[in-house]
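Derivation of every value follows stated rules applied to the coordinates shown; laboratory data play no part. Fair warning: this is a prediction, and the values are worked out from it, not measured in the lab. Cβ atoms come from the backbone with ideal geometry, glycine included; neighbour counts cover every protein chain shown.
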Ligand code: 5GP
Ligand code: ZN
């Protein structure tokens, strides 16, 4: 989508601190981290939220979580623990309308979230 900031990060039109990329996904550092380690995982293809996923997108949906787990292991988060979050819609706290999973680590995270 032409006016989507995360599409522009995926296409390198705007810069981001990218830590992993493959043909399907980009993983980059959140510009305003809320934990010592705060990464965002996005599919290169635009989906506004999980509500856009259909049966044909099961591979993309699975890839996001499988990649989150692999990055967590590779970056050393797995032993102490981490959190994967997908905010959805207004009450979910979503501010960027391109689906993204937050990968948070590096401190003990509170539950329930605010
Ligand atoms: P949401 O609130 O939609 O779940 O999360 C959006 C996240 O994207 C926020 O944590 C915000 O800091 C991050 N973000 C927004 N714009 C940019 C940007 O241009 N670059 C990067 N790296 N992160 C961004
Ligand atoms: Zn987008």
If you take the residues of the stretch 18-43 that are within 16 Å of ligand 2 (Cβ to nearest atom) and crowded, with 19+ Cβ neighbours inside 10 Å, which of them is nearest to residue 6 (Cα to Cα)?
42
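Residue-by-condition table, conditions (1) in a loop (DSSP other than H, G, I, E, B); (2) touching a residue at least 40 places away in the same chain (Cβ under 8 Å); (3) touching a strand residue (DSSP E or B) at 6+ places or on another chain (Cβ under 7 Å):
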site: 57; (1), (2), (3): no, no, no
site: 61; (1), (2), (3): no, no, no
site: 66; (1), (2), (3): no, no, no
site: 70; (1), (2), (3): no, no, no
site: 73; (1), (2), (3): no, no, no
site: 77; (1), (2), (3): yes, yes, yes
site: 87; (1), (2), (3): yes, no, no
site: 91; (1), (2), (3): no, no, no
site: 96; (1), (2), (3): yes, yes, no
Just give me the residues in the stretch 1-12 being within 11 Å of ligand 1 (Cβ to nearest atom), more than 17 Å from residue 94 (Cα to Cα) and either exposed (fewer than 11 other Cβ atoms within 10 Å of the Cβ) or in contact (Cβ under 8 Å) with a residue 24 or more places away in the chain (or both), in sequence order.
9
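Pick from the stretch 13-53 the residues that are assigned to a loop (DSSP other than H, G, I, E, B), under 14 Å from residue 86 (Cβ atoms) and in contact with a helix residue (DSSP H, G or I) (Cβ under 9 Å, 6 or more places away or on another chain): which of them is farthest from ligand 1 (Cβ to nearest atom)? Give the derivation first.
Applying the first criterion (assigned to a loop (DSSP other than H, G, I, E, B)) to the stretch 13-53 yields 13-17, 22-24, 30-36, 44-49, 53.
Okay, now just the ones that are also under 14 Å from residue 86 (Cβ atoms), so 30, 47-49, 53.
Now drop any that are not in contact with a helix residue (DSSP H, G or I) (Cβ under 9 Å, 6 or more places away or on another chain), which leaves 47, 49, 53.
Details: 47: 13, 49: 9, 53: 16 Å.
The qualifying residue farthest from ligand 1 (Cβ to nearest atom) is 53.
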Within the stretch 98-114, the count of residues that are within 16 Å of ligand 2 (Cβ to nearest atom) and assigned to a loop (DSSP other than H, G, I, E, B) comes to 3
